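S.K.: Okay, here's the structure, questions in a sec.
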Amino acid sequence: MLRAMRLTRSQIEAMKGVSIRLRDYTIVEAFNGAFKLFLDNNDTLVAPSIIGTGGFYESWLTSVVSRHVDENSVFIDFGANAGYYSMLAHWLGAAQVFVVEPNPVLVPLLTRAIEENSGGDDRFVLIDRAFTDHVGTANLYFAEDNLNGTLDDNGTPGTVVALDTVDRYFGSYDQQHRLRGPHFWKIDVEAAEERLLRGAEATMERFRPTIMAEWSPQAYSSDFVEWLSDYGDVRLVNIHGTSSPSVTQDYLDAQRDWTTILVTPH
């Protein structure tokens, strides 16, 4: 097991993997066989990317995770999808790994991946709900050609999922089990990043997580970056896995496509 590794993009892209395609899913032994992923064969976005690269995904973001996660870390993977970042964090030695994914199609495959990769330890916690700024239920909608789910109605049939807030869920978890630290949060929840974080203010204040979050241009309130900047330093992650100088919301919203920000607490 690698611990406290600082992997560069070129090192990550040199890793080899083996894929075994079965009827309903494909098993990928990633990072020279360090961990296994179970990928739905109907997915046309994340799964083909991982299989096509030989087992890695978003090498520039993988590099960021490798620099921040070690044996002392609490890693929370909001929008885990196939579980790539969760399994990576476990391999890097994270003390706790929370795998957050409300998609009922992906949950059984994540359960299988946790069973295969845990080695009998209890560092994984699977949470099959969506996190936003209130508690309740809502429809989770899916793209027509992949398994990414969104809480925003896109005209496709939805599946009802449980909603929770980070403050309520993790406040309760901390009382019962005691959360460790420091925290690193990866957030990719299809333009619901702001709603998730607005429901996480108390948890952010207590644990001061470093946050790596997807940014979807024009998807957030006009003061979102200002709000984030009160918490920490907001930077854009470039394709080399390093961060730019601090950025403004106008700059982020001017991007043509989604990008990723890294928020480091003051």
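Read-outs throughout are calculated quantities, based only on the coordinates presented, and are distinct from any laboratory measurement. These numbers were taken from a predicted model, which means no experiment stands behind them. So basically every Cβ, Gly included, is an ideal-geometry build from the backbone, and we count neighbours across all protein chains shown.
S.K.: To the nearest 20 debye, what is the magnitude of the charge dipole of region 122-206 about its Cα centre, counting +1 on the Cβ of each Lys and Arg and -1 on the Cβ of each Asp and Glu?
M.R.: It works out to roughly 520 debye.
S.K.: Mind listing which GluC sites (Glu not before Pro) in region 14-83 are in a DSSP loop and have 12 or fewer other Cβ atoms within 10 Å?
M.R.: The qualifying sites are Glu71.
S.K.: Further question: What order, most packed first, do the peptides 146-154, 237-245 have when packing is the mean number of other Cβ atoms within 10 Å of each residue?
M.R.: Answer by packing, highest mean first, reads 146-154, 237-245.
S.K.: Okay, helix-only estimate at 222 nm for the chain: each DSSP H run of n ≥ 4 adds -39500 (n - 2.57), divide by all residues, round to 500 deg cm²/dmol; what do you get?
M.R.: One gets -8000 deg cm²/dmol as the mean residue ellipticity at 222 nm.
S.K.: Identify the chymotrypsin sites (Phe, Trp or Tyr not before Pro) of region 146-236 meeting these criteria: DSSP loop state and at most 12 other C-beta atoms within 10 Å of the C-beta.
M.R.: Hits after loop and neighbour filter: nothing returned.
S.K.: Using a Förster distance of 41 Å, how high is the FRET efficiency between Leu22 and Thr264, based on the Cβ-Cβ distance and rounded to 0.05?
M.R.: 0.50
S.K.: Let me ask you something else. Within region 120-176, which trypsin sites (Lys or Arg not before Pro) sit in a loop by DSSP and count at most 16 neighbouring Cβ atoms inside 10 Å?
M.R.: The qualifying sites are Arg129.
S.K.: I'd like to compare 104-115, 36-47, 254-265: which one has the highest average count of other Cβ atoms within 10 Å, and what's the full order after that?
M.R.: Packing proxy ranking, top to bottom: 36-47, 104-115, 254-265.
S.K.: Here is a follow-up. Given contacts defined as C-alpha pairs under 8 Å and at least six residues apart, what's the relative contact order of the chain, whole-number percent?
M.R.: This gives 16 percent for the chain.
S.K.: Here's a follow-up. With the crude spin-label approximation of a point 7 Å out along Cα→Cβ, what separation in nm comes out for Ser118 versus Ala14?
M.R.: Placing both labels 7 Å along Cα→Cβ, they lie 3.5 nm apart.
S.K.: I would also like to ask the following. Please report Glu201, Glu193 as a ranked list, fewest other C-beta atoms within 10 angstrom at the top and most at the bottom.
M.R.: With the fewest neighbours first, Glu201, Glu193 line up as Glu201, Glu193.
S.K.: Let me ask something else about it. Over all alpha-carbon pairs of the chain, lay out the pair-distance distribution in 10 Å bins, whole %, shortest bin first.
M.R.: Over the chain, the share of Cα pairs per 10 Å bin runs 7, 31, 39, 22, 2 percent.
S.K.: Quick one: Arg235, Arg195, fewest Cβ neighbours within 10 Å first, how do they rank?
M.R.: Arg235, Arg195
S.K.: To the nearest 0.05, how large is the calculated FRET efficiency for Asp250 and Asp145 if R₀ is 25 Å and r is the Cβ-Cβ distance?
M.R.: Plugging the Cβ-Cβ distance into 1/(1 + (r/R0)^6) gives 0.20.
S.K.: Along each principal axis of its Cα atoms, how long is region 8-123 end to end? Whole angstroms, biggest number first, please.
M.R.: The Cα atoms of region 8-123 stretch 39, 31, 23 Å along their principal axes.
S.K.: How big is the dipole moment of the chain about its Cα centre under a simple scheme where the beta carbon of each Lys and Arg is +1, that of each Asp and Glu is -1, and everything else is neutral? Debye, nearest 20, please.
M.R.: 980 debye
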